[in-house]
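Taking it in order: structure first as structure tokens, then the write-up.
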Amino acid sequence: MQKLRLELQRPHPAQQEIINEAKRFNVLVCGRRFGKTALLIDRMVPVLLAGKPAAWFAPNEKYFDEVWREAKRLLAPVVTRSDSQKKRLELVTGGVLDFWTLHNTDDPGRGRKYALVAVDEAAIVPSERLRRQWTEAIRPTLTDFQGGAWFASTPKGKGFFEELFQRGVSDDEDWMAWQKPTTANPFISPVEVEAARIDLPVMVFHQEYLAEFIHEFGAVFKPATYYDPLGLPRDGYREATGADFAYTSKAGDWTVFITGRVHEGVIYITDLYRAQAEATVWAARLKQAPNPFAFIGGQESGIAAFLRKDYGVRLRTERAVTDKLARAMPAAAAWNRGEIRLPKGAPITTEIEGEALAFTGDPRVDAHDDIVDAIAALHHALLGKEASNPDVARALAGRY
């Protein structure tokens with residue numbers, strides 16, 4: 001009989017402690033680079049080799065693309081079928097590993113049954129959305145196998161993830177929780193962590209490295225205000241599209257367009273486009289977007305010139321003379337006053353709100369800020385000083 005060999009990373013002592021103490025439902029609050037992803041994959045493998053189904057949930061594809069690739073690599077000797085479209089791995093043992101995003105549905109995993117689920121970067125998912133997805137969709141998938149669950153994330157202030165952590169440290173016999181700083185990973189240099197402590201704002205360091213729930217921090221953007229799509233203003237509005245461009249499809253950032261309309265001082269966001277692709281892929285779409293505007297700096301000036309010359313995009317630009325946080329603040333203030341609103345129940349709302357709530361303005365902390373940049377551009381296009389120019393105002397009003 002042929003023997004197949006899987007090479008897994010040996011758990012470091014803090015990970016092994018967690019494995020030894022685990023219960024049916026587990027919540028791991030940890031600092032950056034603790035090793036949570038490796039731990040979750042380690043917990044999946046025995047279930048899959050036993051021929052049972054498991055599932056990995058993440059805020060959106062950006063957060064599970066790397067995990068998908070790593071899982072395929074580690075499990076390659078026992079994988080019989082890999083479906084990159086459905087993000088599904090089938091093993092020779094009969095085990096199945098499904099990957100789900102949490103940004104475009106209220107019922108991820110509905111109709112499936114799992115012996116184990118992992119919710120990665122749980123704190124990034126908007127709190128009430130995660131609560132609803134867990135109780136109404138994910139938890140029921142565990143019924144057939146009396147399965148278990150893992151929630152793991154760096155903390156992000158108050159929310160459902162913190163509630164789950166509190167349940168884990170309570171006397172509930174089915175739940176367990178841990179709070180592990182970055183330094184619990186012996187492969188991370190204490191000198192580097194100390195350098196981060198010196199460089200970063202105090203609250204950022206306590207959240208990102210000490211894994212503490214900081215309630216005052218991370219609140220550049222407060223929870224969003226929603227509007228009923230049926231009540232979207234149909235006349236008397238001005239419309240624009242805020243854009244943020246990635247330099248290349250291979251970079252870690254994304255090209256984002258956010259379209260919205262302003263009516264009586266309130267911006268209603270109506271559309272989101274996001275792609276990790278070359279400009280030739282999305283330029284035609286941007287040309288169709290109403291009144292595109294972008295802050296331009298460095299290499300982006302070349303992209304702007306290319307869009308105007310080769311695709312005829314009527315792109316308005318302004319030089320980015322401040323940092324991302326400074327550019328975001330006018331939009332954040334409007335957002336927090338309820339003057340930027342998201343469509344209630346729409347898939348784009350979860351994605352936009354998730355990144356906005358996680359935004360700190362510190363590039364060393366923010367994993368992604370493309371959506372925030374696009375919101376800032378949209379707000380500036382519709383309500384900034386430039387928008388008060390009569391010629392620009394007429395362009396924004398267009399045919400409406």
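Just so you know, all these numbers are worked out from the coordinates, no wet-lab data involved. Keep in mind that this is a model prediction, so the values were computed, not measured. As a convention, Cβ positions derive from the backbone with ideal geometry for all residues, glycine included, and neighbour counts pool all protein chains shown.
Remarks
- Springs join every pair of Cα atoms under 10 Å in this Gaussian network model of the chain, and among ALA376, ALA326, ALA38 the largest mean-square fluctuation is at ALA326.
- Among the trypsin sites (Lys or Arg not before Pro) in segment 49-86, those located in a DSSP loop and surrounded by at most 14 other Cβ atoms within 10 Å of their own Cβ are LYS86.
- Estimated inter-spin distance, THR93 and SER170, nm [label 7 Å along Cα→Cβ]: 3.3 nm
- Extended-chain gain in nm, criterion 0.36 nm per residue less alpha-carbon gap, THR322 and LYS287: 9.9 nm
- Loop sites in segment 154-193: chymotrypsin sites (Phe, Trp or Tyr not before Pro), DSSP, at most 14 other Cβ within 10 Å: PHE187
- Fully extending the segment from LYS86 to GLU264, taken as 0.36 nm per residue of separation minus the present Cα-Cα distance, adds 59.8 nm.
- Debye, to nearest 20: dipole size of the chain, +1 on Lys, Arg Cβ, -1 on Asp, Glu Cβ: 1020 debye
- Comparing mean-square fluctuations of VAL29, VAL372, VAL281 from a GNM of the chain with C-alpha springs under 10 Å, the top value falls on VAL281.
- In the chain, the sites counted are GluC sites (Glu not before Pro) in DSSP loop states with at most 16 other Cβ atoms within 10 Å, and the longest stretch holding none of them, exclusive of the sites, is 8-172.
- For segment 13-208, the spherically averaged projection of the C-alpha convex hull amounts to 11.3 nm².
- Cβ-Cβ FRET estimate between ILE198 and MET329, R0 fixed at 22 Å, reported to 0.05: 0.30
- Whole-number Å³ per residue for the convex hull built on Cα positions in segment 37-133: 93 Å³
- Shape analysis of the chain based on the Cα gyration tensor places the equivalent ellipsoid semi-axes at 40, 23, 21 Å, largest first.
- Rough spin-label spacing in nm, given labels placed 7 Å along Cα→Cβ, for ARG337 and GLU128: 2.3 nm
- Each label was represented as a point 7 Å from its Cα along the Cα-to-Cβ direction; for VAL191 and PHE306 these points are 4.0 nm apart.
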